[in-house]
Number of protein chains: 2
Amino acid sequence: MSVTPTASPLFLRENEVRRGVELLFFGYTRLTRAIDEGLAEHGLGRAHHRALYFIARQPDLPISALLKILAITKQSLGRVLTDLGDRGLVETRVGNVDRRQKLLRLTPEGIQFEAQLFDALRNSLASAYAAAGQESVTGFWRVLEGLIPAEDKAMVVALQKDI
Amino acid sequence: MSVTPTASPLFLRENEVRRGVELLFFGYTRLTRAIDEGLAEHGLGRAHHRALYFIARQPDLPISALLKILAITKQSLGRVLTDLGDRGLVETRVGNVDRRQKLLRLTPEGIQFEAQLFDALRNSLASAYAAAGQESVTGFWRVLEGLIPAEDKAMVVALQKDI
DNA sequence: CAAGATACGTCAATATGGCTGTCCCATCTT
DNA sequence: AAGATGGGACAGCCATATTGACGTATCTTG
């Protein structure tokens, strides 16, 4: 420990914080752009991909769970799910434990389409992982986890528990 | 080196890739939410903040440079800059080397407002950094840098060179 | 100097993805 | 039987992005 008194690290890191803000902005937006072309082929947008992605991740997800994940309104999600249903990418079945629920899953075409989009994400992320090295990947995850508020963390962990 | 042949790491990391996709999604969206309240007080949105942020970062930025950073159209940026100008947060001056250019900078009110928004970002990011530790922060940066296409990297480096 | 390229502004039309508020129905819980 | 919950649907609105076309001032170059 240094003898020199230092101000709280929380208030001494403007440069590091700006760097993080900028890298997050560029990294996130560039990653999402990787799939725009594939989406446009089906006349879909990024909102559709987000739904598709999380349905692929947790088949038989109830609508209420997807609403929590995406943190948008029922109406906004409704339009997206209608589009995906119309294109035969997503289907619903009645919940077996609670018949009010509709459980979402991808159709075979939906599975194939999501996999195609995921390939683009994998190409981008895997090459970033490879360039940075495994220790960096761990750090990448740790920092991002720290950005997720405590009340949302359980949701994210649930997505990843069955990996 | 293992004797067992392994497939290319670029195609064996579905779990790691999905984890990255999800953490980036939640981390990025939660970080951006941290400033919504402050923006709403002025009737502004996230698009305004992005402009404000990069103008704060590089005073006397020409409009063309901001267009490249944000990667949106002139028309979209035009509205944002009009709003910021109307509220007295941003001002322009004619370029001294090239009189066609308009150099953007924040007014004193703009500087103060940007700093207020930045405080919220700093709180979120600094606590994530602190929880993860410095080695993690380095990894976080490295992976995100790997997500930025080569043709955009110079732009990001330019932002950070004067840190 | 004339011609073309560049920086910026602006008009009109359009798309996407969010929002609020309200109301409804089916089903589960108590 | 009453209330809570899961989901759907209506209407209207807002923020942010798009394309294409055109105009003007200024810089660069043959």
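The values are calculated or read from the model by the stated rules, or taken from the named source; none is laboratory data. Every value quoted in this text rests on a predicted model; they were computed, and no experiment measured them. Ideal geometry is used to build each Cβ from the backbone, glycine not excepted, and the neighbour counts take in all protein chains shown. The accessibility values were calculated without ligands, DNA or RNA, using every heavy atom of the protein model including side chains. Shrake-Rupley method; radii C 1.70, N 1.55, O 1.52, S 1.80 Å.
A few notes on this one:
- 20 Å Cα-Cα threshold exceeded, pairs from B:68/B:102; A:153/B:153; B:102/B:153; B:74/B:102; A:74/A:161; A:68/A:102: A:153/B:153; B:102/B:153; A:74/A:161
- Volume of the convex hull of chain A (Cα atoms only), normalised per residue: 166 Å³.
- The long axis of helix A:74-86 is offset from the longest Cα principal axis of chain A by roughly 60 degrees.
- Semi-axis lengths, Å, the protein assembly as shown, gyration tensor of Cα atoms, sqrt of 5 times eigenvalues: 35, 25, 21
- Dimensionless Rg ratio for the stretch A:93-156, taking C-alpha atoms and the 2.2 N^0.38 Å reference: 1.63
- With a simple spin-label model that places each label point 7 Å from the Cα along the Cα-to-Cβ direction, the separation between residue A:130 and residue B:130 comes to 3.9 nm.
- Taking 0.36 nm per residue of separation and subtracting the current Cα-Cα distance, fully stretching the chain between residue A:115 and residue A:152 would add 10.7 nm.
- q = 0.14 Å⁻¹, the stretch B:21-102: log10 I(q)/I(0) [Debye, one scatterer per Cα]: -0.54
- Separation of alpha-carbon centers, the stretch B:33-67 and the stretch A:64-132, rounded to whole Å: 32
- Counting only protein heavy atoms and a probe of 1.4 Å, the accessible surface of chain A is 53% carbon and sulfur.
- Backbone HN-Hα couplings from phi across the stretch B:44-58 [Karplus 6.51/-1.76/1.60, Hz, Gly and Pro as x]: 10, x, 5, 4, 5, 5, 4, 5, 4, 4, 6, 5, 4, 5, 9
- Among the trypsin sites (Lys or Arg not before Pro) in the stretch B:97-153, those placed in a DSSP loop whose Cβ has at most 13 other Cβ atoms within 10 Å are B:99, B:100.
- The stretch A:5-101: relative contact order as a whole-number percent, Cα under 8 Å and 6+ apart: 18
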